[in-house]
Amino acid sequence: MGKTIQLMGIIVLILGFIVSPAFSAEPLKIATLTDMSGPYAELAGWGNINAAKMAIEDFGGKVLGMDIEYVYRDHQCKADLANQKAIELYEKERADVIFDCPNSASGLAVTNQALKYKKIFIAVTSGTTRYTGDLCNRYTFHYAYNDYVLATSAGMWAADNLGKKWYTITADYAWGHDLLKHFSAALQKRGGTLLGNEMVPLGASDFSPFIIKAMNAKPEVLALLNAGKDTVNSTKQAVEFGLRKQTKIVHALLFPEDIKAAGPEVFADNYVTASWDWKVDQPGVKEFVAKWMKKFGRPPNWFNAGNYSAVTQYLLAVKRAGSKDPQAVVKALEGHRFSDFFASPGYIRPEDHKRVGKAYILRAKKPSEIKEPWDYFQIVGVVPAEQAYQDVKETGCKMGDF
Amino acid sequence: MNIQFVIMQLFNGLIMGSIYVLLSLGLTIIFGMLGIINFAHGAFYMFGAFVAYTIMAYLIPNFWVALIVGPIVMAIFGAACEAFILRRLYNLPPLYVMLFTFGLMLVLQDFIRMIYGAAGVPFRTPSSLDGSINLGFMFYPKYRIFLIIITSMCSLGVWLFLSKTKLGAIIRAGTDNSIMVDALGINISKIFTLVFGMGIGLAGLAGVLAAPLQNVSHLMGVDFLVDCFVVVVVGGMGSISGSIVGGLIVGEIIAFGVMVWPPMAHTLIYIFMAAFLLIRPRGLFGREAFHE
Amino acid sequence: MNKGVWSKQKVIVVSAALLLAIIFPHIAPYIALASEILIFALFAMAFDLMLGYAGMLSFGHAAFFGLGAYTAGVILKDLYPSVPLALLGGVIVSSLAGFIIGFLSIRRRGIYFTMVTLAFAQMFYFIAFKWTGLTGGDDGLQRVPRPSLGPLDLKSQIVFYYFLLFSVIICAIILLRIVNSPFGKTLQAQRENRNRAMSIGYDVDKFKLRAFIISAFFSGLAGGFYALLLNFVPLNSLHWTNSGEVVVMTITGGMGTLFGPVLGAVCIILLRDIISNYTESWTFIMGMLFMAAVLGFRGGIIGILRNKLRLTI
């Protein structure tokens, strides 16, 4: 009898050893879905992947006793691929959270999968206000910026400082229309007038007719509501026609990579909004930039910084929640106030899941003013969060339940 | 919309049209002579721009040098492609050759992306052509006027070469019936190489000329490719004059569309082409034989 | 089955293929990719009817795929969440489009036919881009539901895959019967020699139009499935590059064989996914593969299989 009990005890122990890994903490899996081979490869791509990796490393590689695993996927800026990769990440890879996702159409598809699989998606690199508007859901967060911020901050600041008579050249699709709406509203608030607007098909190579029309209206400011290749083309051609002699140019989006790609003479003295810049005077920035420079040889852009901050805040939220269960982490993120090198201060609004904070107005430097590589911008203004971010009541977000 | 704007737009249409003309000339003589639908044509255009950039950024920072050397390099590159690779494909059904040129396009584009990155490279207008000229009723950028002039000269040059020289006559004959030309004892394969090289050289020239006006990136040829097929089809496959006239017409249609309803401008050329083909299937100057 | 003798070889190959298809979701990188492969296999088969059998190269097939997808999506989202209704709506619209576009473009042949089909597809793309109220424009049609079909919970990716597999096999059988029927034979006859077919008395254009409509039908069905798979319809489904995709799949796989294109779809989608996980330069590698394929193979992948394995299917 005694021997039988002993035997059973040993068997139970052995079974316990075999079964116990199932009970010990499953690792926390973080994923980045980004564009590694398409148009945003330089802006996002490896930069954002490295940012996430660095954040995990700096956090210690573990949280709540769980190991942190990391995967990344390329969606090449194609919405259907983004959808499929999100499914792969949530289902096959069992990722607990997806970060980044440049390109708004792709990101919107991912929010749907996030809702379907009941896992978190933190959008960093795309700007559509629909994430926190008509397509908001409890699992989606929008971290670094949005189109309203870009348009309103630049619009208000420029109306105050550059001129009240405006003309706009807009990329003719949802994003452009959204920007135009917000720019016009901001302009009106500051007593400016929109003399006219040109809708330009996406990817147009010849902007000359629109620039000519703009010049004929003699505005004080020209707003280029486009991005990437369109920004480069329209600006190059505006310079070609001599528009800058009488008009200042404000961009919706402009990155150091764009300036490098086209040459700083093209963008000199143009203005744009940014959530962050490597020269910003906030606590923690110098150390982060130095660390990044040492590792990668160039300063981070604000997408990279945003991803680092987002991953860190997520991990802190997991710690606060005491578990990696998505619903608990969402509750830990909602309403959280914090301060780090990226957002100083930052606040995650529970009503629509936006990370709000101040916005910076940047001026692109003339070639003669550039003292070191990547020193393309000068910070000329700060817009407080209450002005930069849209009022909660106006977002149109009906945050459902889980 | 005042008359000044309309005239400006007509000029702009000529600019777009000029690029289309250069590209389509290459495309059409390649198709006419070799029967190849060159999907990689846009990629060669892009490659030409990058060759010019490389010359100016790393070798001799002079636009005029790049303008001359660039297309020559591309012509040699094209001739080499034909001589060493494409030649083996002539006995294959045309669809396979099309797939091949499609693969070539992917390779050329990604190759440039791997070296220069996806964002693009800076390319400025040469300082001698900076600024605008006062044409009396309007100011127009010098560089654009230069572009129109150069393209006209090139098109004229190509046309003269093909219609007035002996080699040109051989090429025209070969376009009509390459077997017969071969039978007459002329080394047709050398002619093929020459023609392909010429076509690619023209594409490269278009790339160099267009570079100061737009974002020079690995994808800059993709949008032009489909439009060029439209031009070639409207002008008539294999017809030189067709490419010239067709290119200008398409450029002006886009310019006109931009004046009337910008979003529709690009789609307008497809509607125009479809309507045109339904009425006159062989294009403006095309020949019946190129139906299949 | 009108396939002639069921040779031992045929039985082995078909059974092996079926077995592979059944375990495929478990060996593929992820289940949704396996479903995507099935959808494009169907699209490629539909396309092959036009290219391989009727001898017509259309560069506008994305229009039918996209119309099927958007119609199904709109029905599911805004009208009534029923899978059969959505798919039916999708094929009706795409077939109608096939009839209209076919009717207008059949008159032209060769490259001119190709360009006319491209032109029409571009117009549909433009309409979808601008009509944001209906299609979502550049953002695409978001939040397309995937309701259950009777007892089948299609929300599960694996259940959806087997539903797709069953549907695609039925479609394949139908298409096989079509190409082996007198209609199919006549199509091939006019492809080989139009004038002779006409002189025998066949109204060649009528045959071509029918082939066009059938091809559009199945392309639209594939599109409808795609909307269900993604739970959204991307604008890219209507873009000419999507037409180009199916052209490449069909030629690489081996046109005129119906199953060659299936292989083409499998290989291209799988390769693309696997390679892109290892390097950003997957486009370069795919391009090299296409060039090597043309230089090396004759008759596509199925050509190689037939030659090397001495298959007679």
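Which residue out of B:Ile15, B:Ile29, B:Ile7 is within 13 Å of another protein chain (Cβ to nearest Cβ), aliphatic (A, V, I, L, M) and touching a Ser or Thr at 6+ places or on another chain (Cβ under 8 Å)?
Answer to the check: B:Ile15.
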Exercise for the section: Run C:Ile304 past the list (1) more than 12 Å from chain B (Cβ to nearest Cβ); (2) over 27 Å from B:Tyr90 (Cα atoms) and report the number of the one that doesn't hold. Expected result: (2)
Fill in the blank from the handout: When restricted to C:Gly260, C:Gly264, C:Gly224, the only residue more than 14 Å from chain B (Cβ to nearest Cβ), touching a residue at least 60 places away in the same chain (Cβ under 8 Å) and crowded, with 23+ Cβ neighbours inside 10 Å is C:Gly224
Problem - Residue ID - farthest from the other protein chains (Cβ to nearest Cβ), chosen from residues in region A:68-83 that are over 26 Å from A:Val318 (Cβ atoms) and over 19 Å from the mean Cα position of the chain (by Cα) - result: A:Leu81
Handout entry: Those residues of region C:108-127 which are more than 21 Å from the chain's Cα centre (by Cα), at pLDDT 90 or above and farther than 14 Å from B:Val226 by Cβ, in sequence order
Key = C:Ile127
Exercise for the section: Scan region A:84-110 for residues that are more than 23 Å from A:Ile68 (Cα to Cα) and within 11 Å of another protein chain (Cβ to nearest Cβ) and report the count. Expected result: 8
Exercise for the section: Please enumerate the residues belonging to region B:99-132 that are more than 7 Å from every other protein chain (Cβ to nearest Cβ), closer than 30 Å to C:Gly244 by Cα and among the charged types (D, E, K, R). Expected result: B:Arg113
Completion exercise
The lone condition B:Leu67 fails out of (1) without any contact (Cβ under 8 Å) to a residue 12 or more places away in the chain; (2) part of a helix (DSSP H, G or I) is (1)
Problem - Subset of region C:279-313 that is polar (S, T, N, Q) and at pLDDT below 85 - its residue that is nearest to A:Thr34 (Cα to Cα) - result: C:Asn307
Practice task
For region C:122-134, state whether one or more residues are away from chain B (no Cβ under 14 Å) and within 29 Å of A:Cys77 (Cα to Cα).
Solution key: yes
Handout entry: Candidate set: region A:152-169, residues that are more than 14 Å from A:Leu224 (Cα to Cα) and touching an Asp or Glu at 6+ places or on another chain (Cβ under 6 Å); chosen: the one farthest from the other protein chains (Cβ to nearest Cβ)
Key = A:Gly163
Fill in the blank from the handout: Among strands (runs of 3 or more DSSP E) completely within region A:170-253, the ones holding 3 or more residues that are more than 9 Å from every other protein chain (Cβ to nearest Cβ) and either surrounded by fewer than 19 Cβ atoms within 10 Å (Cβ to Cβ) or of a type in the set (D, E, K, R) (or both) are A:193-200
Handout entry: Residue check for C:Gly220: over 18 Å from the mean Cα position of the chain (by Cα) and within 19 Å of C:Phe65 (Cα to Cα)
Key = no
Handout entry: Odd one out for B:Leu135 among (1) within 13 Å of chain C (Cβ to nearest Cβ); (2) exposed (fewer than 15 other Cβ atoms within 10 Å of the Cβ); (3) not aromatic (Phe, Trp, Tyr)
Key = (1)
Practice task
Would you confirm whether any residue within region B:162-175 is in a helix (DSSP H, G or I) and closer than 30 Å to A:Glu257 by Cβ?
Solution key: no
Exercise for the section: Of the numbered conditions (1) outside any helix (DSSP H, G or I); (2) out of contact with any strand residue (DSSP E or B) (no Cβ under 9 Å at 6 or more places or on another chain), B:Tyr140 fails exactly one; give the number of that condition. Expected result: (2)
Practice task
Quick one: A:Asn307 ticks every box in (1) part of a helix (DSSP H, G or I); (2) over 16 Å from A:Trp374 (Cα atoms); (3) in the same structural domain as A:Phe183 (by TED's automatic domain parsing) except a single one, so which number is it?
Solution key: (3)
Completion exercise
Taking region B:138-167 and keeping residues farther than 16 Å from B:Gln214 by Cβ and within 10 Å of chain A (Cβ to nearest Cβ) leaves B:Met138, B:Phe139, B:Tyr140, B:Lys142
Fill in the blank from the handout: When every residue in region B:249-270 that is among the aromatic types (Phe, Trp, Tyr) and within 12 Å of chain C (Cβ to nearest Cβ) is compared, the one nearest to B:Ile171 (Cα to Cα) is B:Tyr270
Fill in the blank from the handout: Exactly one of B:Phe100, B:Phe44, B:Phe11 is over 14 Å from B:Val195 (Cα atoms), without any contact (Cβ under 8 Å) to a residue 60 or more places away in the chain and assigned to a helix (DSSP H, G or I), and that residue is B:Phe100
Practice task
Quick one: which residue in C:Gly110, C:Gly102, C:Gly140 is touching a Leu at 6+ places or on another chain (Cβ under 7 Å) and within 14 Å of chain B (Cβ to nearest Cβ)?
Solution key: C:Gly102
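The values are calculated or read from the model by the stated rules, or taken from the named source; none is laboratory data. Keep in mind it's a predicted model, so treat the numbers as computed, not measured. Using ideal geometry, Cβ is built from the backbone for each residue, glycine included, and neighbour counts are taken over all protein chains shown.
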